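*Asks:* Here it is: the structure, laid out below.
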Amino acid sequence: MKVVLEHLTKSFPSRNKKVKEPVIAVNDFSFEIPDGELIGLLGPSGCGKSTMLNLICGLQTPTSGKIYFGEDDVTNLPPENRGVGLVFQNYALYPHLTVLQNILFPLQNLKGAARPSKEEMMNKALDAARLVQIERLLERKPSEMSGGQQQRVAIARALVKRPRVLLLDEPLSNLDARLRLQTREEIRRIQRETGITTVFVTHDQEEAMSISDRIVVMKAGLLQQIGKPQEVYDDPVNLFVAKFLGTPPINVFEGEVRNGLLYIGENSVLQAPGAPDRKVWIGVRPEGFLPEQAGPLRCTLSGVEVMGRDISVVASHPACSAAAIRAIISAESAVDPKAETVRFALKPNKVHVFDRESEERLRIELK
Amino acid sequence: MEQKNAKGWLYLLPAIAFLGVFMVYPLVDVFVYSFEEGYNSASQTFFGVGLYNYSYVLHDPYFLQALKNTFLLVIITVPLSTGLALLISVGLSSIQKLKDLFQTIYFLPYVTNTLAVGLVFMILFKRTPYTDGLVNLMLHWFGAGPIDFIDGPHWAKMFVLCFYTIWVVMPFKILILTSALASVNQDYYNAARIDGTSRSRIFFRITLPMISPMLFYLIITGFIGAFKAYSDAVAIFGTDLNAAGMNTMVGYVYDMLYGDSGGYPSYASAAAIILFAIVLTITCINLMVSRKHVHY
Ligand SMILES: Nc1ncnc2c1ncn2[C@@H]1O[C@H](COP(=O)(O)OP(=O)(O)O)[C@@H](O)[C@H]1O
Ligand SMILES: [Mg+2]
């Protein structure tokens, strides 16, 4: 099921007595989710991700704008008529019901002709349980299961009615690191098997990048960028997106374009032929540094960490907005850990230039 | 291990000593009194040991009246007050405007003195040579009455007592239940809404189980409280409850000790032990029922 959002806006009246301005949680948001895709909705805490999900599932109604599922306008439809499944961050499994009863619960709500027979309900519940591989835990209570298992039950409950759209609100944030990895693979597999259009909300960029067909980056209610994870990573539209994606994060320097050259401090690092002079932010991905004897960027070396395949070089530079620069270089390159300075050349395709004021990306050709 | 155990007991000693002196000892004492026949409090002597005290109490029409009153009071007020409190709390938690105001109003009776309220109830219900009372006035509008609620038929007096008891115990129940309802995570309701759960199903399958520990607490304490009712009856019907036919079990115990016909600690002890046995039984039944229906 294709999902289309058109100029979606949701504002909440201000609770603060002094500031009368409403809180705009989702601001004029438009995008389209192609049928059967898994979309990662990514943004920092409080940027309106949950509100967005609530709008899509119908728990909240938008202040303005429209929502379509396929050709149906569902903007004013109550949640139960939309055919959505929602997985909550804390799972919201009914603690007094067993796993099986939890999964059956949505089916038992059906009335009239839509209500399946007891046997059908059982079959559907078992199918859902099998899909998330918890068929051996059906008689347990939620409190008797691990976080990962509860998560699976929550997904099974959301899937048992075969929703048109599956929504997951930070589904992995309550799991430990190892389970998180495992469960996100699991979610990907389940989504592939069912082919249900899925929106996956997270503030963890790595999570979003690894499982999404497409990521949607938002900030303070505003859409920043949509695209395939790699595209967004390689081609961010502004400094925020560039900073938000990637571990270790992008290194940001105060810089300048002068006479067709790109400067970091007094080091002219790359050629920018034809670009007008201006003050800029320069973002360099950690993998964009090449250690060279006569490299143009001189940094003070603070440490070298060997991480097997790669080497992580920690250095500093007065123009860098952070205290430390992190560069990831291949293990073959020679960096003397005892040296005081290290010199880098930069890979042009790993360097992004942003306007100093607006922080928008400047499409400058670099060499 | 041994050492640790000894230390543990040492820490518990003050509490055990305190409870022993002020709770266990009196209880045992009452138990012993209840079997001592013909006890004389002045000379502290008794004739023998046996079940005569129990037999006397169980054949005393005043005790049987008190037993009946108490049971009626329990059976009527506990379910009604709990049910009403639940209804009001659900109503309160579903409104937004004026919620605090209503909550305060509902809580007022709790901070009001029982005897003062009893007096007000008596004035509302009492018939005097000059007036039939406010309640009878209202009954009159509907073409009923007048009924003498304070000195009239037993059912009318029982009605006033139950009405009053419910009115007095409700605020606390409402307070507990509104906070229990407020503590149910909103996500459960959101999940239920998305699944298209009907309102009644939400209430019976989600809300009730979620607040069942609090509800159960209220029912148990409600039972115990109602079995121990006494001051409420005094507030409305005065101290001579036997004459009014409105005595309760605790009232009977009190009268046996200090009332006009009092001075019989053995009978009082026997009655107290019977009350204790009843409350214990009911509480055990409650606990057994709760195993199946209360979800912690
Ligand atoms: N019911 C509400 N009333 C008022 N403000 C709200 C409400 N829900 C969310 N907000 C505000 O909207 C913004 C976005 O919230 P939310 O969607 O929960 O963010 P996220 O899920 O991305 O962390 C926040 O500033 C939050 O304070
Ligand atoms: Mg959120």
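*Asks:* Restricting to segment A:90-105, name every residue that is modelled with pLDDT of 90 or more, within 19 Å of residue A:199 (Cβ to Cβ) and either open to solvent by 20 Å² or more (accessible area, probe 1.4 Å) or of a type outside the set (Gly, Ala, Ser) (or both).
*Replies:* A:91
*Asks:* May I ask you to verify whether residue A:87 is buried (at least 20 other Cβ atoms within 10 Å of the Cβ), away from ligand 2 (no atom under 16 Å from the Cβ), in contact (Cβ under 8 Å) with a residue 12 or more places away in the chain and closer than 22 Å to residue A:209 by Cβ?
*Replies:* No, not satisfied.
*Asks:* For residue A:89, all conditions in the list (1) part of a loop (DSSP other than H, G, I, E, B); (2) farther than 16 Å from residue A:166 by Cβ hold save one; what is the number of the exception?
*Replies:* (2)
*Asks:* Restricting attention to segment A:260-269, which residues are modelled with pLDDT of 90 or more and of a type outside the set (Phe, Trp, Tyr)?
*Replies:* Taking segment A:260-269 first, the residues modelled with pLDDT of 90 or more are A:261-264.
Correct list: A:261, A:262, A:264.
*Asks:* Within segment A:159-186, can you find the residues that are away from ligand 1 (no atom under 16 Å from the Cβ) and within 14 Å of another protein chain (Cβ to nearest Cβ)?
*Replies:* We begin by selecting, within segment A:159-186, every residue away from ligand 1 (no atom under 16 Å from the Cβ); these are A:159-166, A:175-186.
Across segment A:159-186, the qualifying residues are A:159, A:160, A:161, A:162, A:163, A:164, A:165, A:166.
*Asks:* Sticking with this one: With respect to the numbered conditions (1) part of a loop (DSSP other than H, G, I, E, B); (2) at the interface with chain B (Cβ under 9 Å from one of its Cβ atoms); (3) closer than 30 Å to residue A:22 by Cα, which one is the sole condition not fulfilled by residue A:54?
*Replies:* (1)
*Asks:* Still on this structure, please answer the following. Of these, B:135, B:168, which one is at pLDDT 80 or above, surrounded by 14 or more Cβ atoms within 10 Å (Cβ to Cβ) and in a helix (DSSP H, G or I)?
*Replies:* Criteria check complete, one pass: B:168.
*Asks:* Another question about this same structure. From A:65, A:46, which residue is within 16 Å of ligand 1 (Cβ to nearest atom) and assigned to a strand (DSSP E or B)?
*Replies:* Exactly one residue qualifies, and that residue is A:65.
*Asks:* Mind listing whichever residues of segment B:236-262 are open to solvent by 10 Å² or more (accessible area, probe 1.4 Å) and either closer than 14 Å to residue B:34 by Cα or hydrophobic (A, V, I, L, M, F, W, C) (or both)?
*Replies:* Listed by number, the residues that qualify are B:237, B:243, B:244, B:250, B:253, B:256, B:257.
*Asks:* Output yes when any residue across segment A:110-117 is touching a helix residue (DSSP H, G or I) at 6+ places or on another chain (Cβ under 7 Å), under 13 Å from residue A:157 (Cβ atoms) and either outside any helix (DSSP H, G or I) or not charged (D, E, K, R) (or both), and no when none is.
*Replies:* no
*Asks:* Output the number of the condition that residue A:154 fails; it satisfies all remaining conditions of (1) within 16 Å of ligand 2 (Cβ to nearest atom); (2) within 14 Å of chain B (Cβ to nearest Cβ); (3) in a loop (DSSP other than H, G, I, E, B).
*Replies:* (3) is the only condition that residue A:154 fails.
*Asks:* While we're on this one: Touching a Pro at 6+ places or on another chain (Cβ under 8 Å), farther than 28 Å from residue A:230 by Cα and open to solvent by less than 40 Å² (accessible area, probe 1.4 Å): is that true of residue A:313 in this structure?
*Replies:* Spelling it out, it is not the case that residue A:313 is touching a Pro at 6+ places or on another chain (Cβ under 8 Å), farther than 28 Å from residue A:230 by Cα and open to solvent by less than 40 Å² (accessible area, probe 1.4 Å).
*Asks:* On to the next question. Can you tell me which of A:40, A:70 is within 16 Å of ligand 2 (Cβ to nearest atom) and open to solvent by less than 60 Å² (accessible area, probe 1.4 Å)?
*Replies:* That would be A:40, the only listed residue that is within 16 Å of ligand 2 (Cβ to nearest atom) and open to solvent by less than 60 Å² (accessible area, probe 1.4 Å).
The values are calculated or read from the model by the stated rules, or taken from the named source; none is laboratory data. Small disclaimer: the values here were computed from a predicted structure and weren't measured. Quick reminder, even Gly has a Cβ in these numbers, built from the backbone with ideal geometry, and neighbours come from all protein chains shown. Keep in mind that these areas ignore ligands, DNA and RNA; they rest on the heavy atoms of the full protein, side chains included. Shrake-Rupley method; radii C 1.70, N 1.55, O 1.52, S 1.80 Å.
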